[in-house]
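Chemist: Take this structure first; my questions come after.
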Amino acid sequence: MNHELEARLRDTLGHASEHAPPAPGDLSGLVMSRSRRRRARTHALIAGLAVVAVAVPAALTTVGGQGEVSTGTVVNERRDIFAKVMEGKTLLGDRLPVDDPSTGRPTLLWLARATDTKGDTGTVFCEAVSERGGQWASCGSVIDDEAQATFQGSTEGWPASGDVLYFGASRDQVAAVSAVAEDGARIPGKVQRPGDAPRKIWTVSAPSKTEVTAFEFTDAGGKVLARVKKEDDSPVPEATAEPVAPTMKMPGGLVAGIYETPDRTLIWKRDGKAIGVQLVRAKDLMKDLGGKSRPVELVADQGNWFGIADSRTARVALVFPDGRSATAETRPDPWHIGVTLFSGTHERAGEIYLDGFQVVGYDRVGVEIWREDHPAEEPAWSGTR
């Protein structure tokens, strides 16, 4: 991908919001590798983007010859992302809902018959996720029929959050799978056949702190049939960048800092790991996709809620449908961006986007100056098949 295309993709997804107007039509021609696609998905989900990002298979060699380059299409409306990504494809077997340990909600995995951009027709592996108010669905390249097992992806990404779900496809002889950690430890997973699908789907959940290097596949007797190396994404600049100004400790155990990646970016970290990002250069600062100003940008992650707000804001309230709420006092930003920062914790279990919430801002004398609604999130896909 050239720098111009990458910049356009980052600019669009980085400051999009769930109130954004229709996305520019020329985005459908952007090309992303697997790591770029995951990065785009990450930005969409961090922003709470109410869009569908659909990837269709193309051709790029990666580990085991299974690689993919995908054309990403951004659609600014709620719709069944399974139906959208399956346009022109045939479902093979059933869809498999798998609990995603990083969000406590299902990730949808399935196999389909499709023709990729090389003209190859065969079985492809597909996934769909819905989290943090955003949605994402994609299908990869045609699976190698000769391979006993293939690694197809994971929920590992940037920013980091919770445990990681790894997944892929395997042939009939495979009865068990284990992730192999850097220290040699094995973490067992599951192998399931969704309906009458032509291949099985394997999954392994592992703590995000565990350095998984490969996956080992065995038959019913315990004989090793294959060992597949874990594919590593290309590191994103935000993951390794150093702050360009002193960082700021915030309530809830968070640290906020300014980075050049190369865009001016506010990165929030917990225990040294990034869990949220906001573009804060002047042309992006608190703007939706159409350039309209917003009073607040919120990220919610595993009990933490944090973000930036209009500079007049002295206090922010997170209000839930049952009337309970959490509040956070704001702090002026020390980098002279022109916003206030806030962070706090809440006691709600799971992801707050499912039930919906409101974010309310108050000035120094306690007068409400803005309110933003986040309606209960609709399912990203309908039905069970």
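Chemist: Would you be able to tell me the number of residues in region 195-217 that are in a loop (DSSP other than H, G, I, E, B) and buried (at least 20 other Cβ atoms within 10 Å of the Cβ)?
Modeler: Within region 195-217, residues that are in a loop (DSSP other than H, G, I, E, B) and buried (at least 20 other Cβ atoms within 10 Å of the Cβ) number 2.
Chemist: Answer with yes or no whether G272 is at positive phi and not β-branched (V, I, T).
Modeler: The answer is yes for G272.
Chemist: While we're looking at this one, here's another question. Out of curiosity, is E156 farther than 25 Å from L91 by Cβ, in contact (Cβ under 8 Å) with a residue 40 or more places away in the chain and crowded, with 16+ Cβ neighbours inside 10 Å?
Modeler: When the stated conditions are applied, E156 passes them.
Chemist: Have a look at A179, A239, A226 and point out the one that is part of a strand (DSSP E or B) and within 22 Å of the chain's Cα centre (by Cα).
Modeler: Sole residue among the options that is part of a strand (DSSP E or B) and within 22 Å of the chain's Cα centre (by Cα): A179.
Chemist: Further question: Can you pull out every residue in region 290-313 that is surrounded by fewer than 20 Cβ atoms within 10 Å (Cβ to Cβ) and of a type outside the set (D, E)?
Modeler: Result: G290, G291, K292, S293, R294, P295, Q302, G303, S311, R312.
Chemist: Consider G338 carefully, then state whether it is within 30 Å of E260 (Cβ to Cβ), of a type in the set (G, A, S) and surrounded by 19 or more Cβ atoms within 10 Å (Cβ to Cβ).
Modeler: no
Chemist: Do we find a residue being within 30 Å of L298 (Cα to Cα) and surrounded by fewer than 19 Cβ atoms within 10 Å (Cβ to Cβ) anywhere in region 160-170?
Modeler: yes
Chemist: Scan the strands (runs of 3 or more DSSP E) fully inside region 278-385 and keep the ones with 1 or more residues being acidic (D, E) and either on the phi > 0 side of the Ramachandran plot or touching a residue at least 12 places away in the same chain (Cβ under 8 Å) (or both).
Modeler: Strands (runs of 3 or more DSSP E) meeting the threshold: 296-301, 304-310, 325-329, 368-374.
Chemist: Quick one: in region 86-115, which of the residues that are buried (at least 20 other Cβ atoms within 10 Å of the Cβ) and modelled with pLDDT under 90 is nearest to V204 (Cα to Cα)?
Modeler: D100
The values are calculated or read from the model by the stated rules, or taken from the named source; none is laboratory data. Keep in mind that this is a model prediction, so the values were computed, not measured. Glycine gets a Cβ as well: all are built from the backbone with ideal geometry, and neighbour counts include every protein chain shown.
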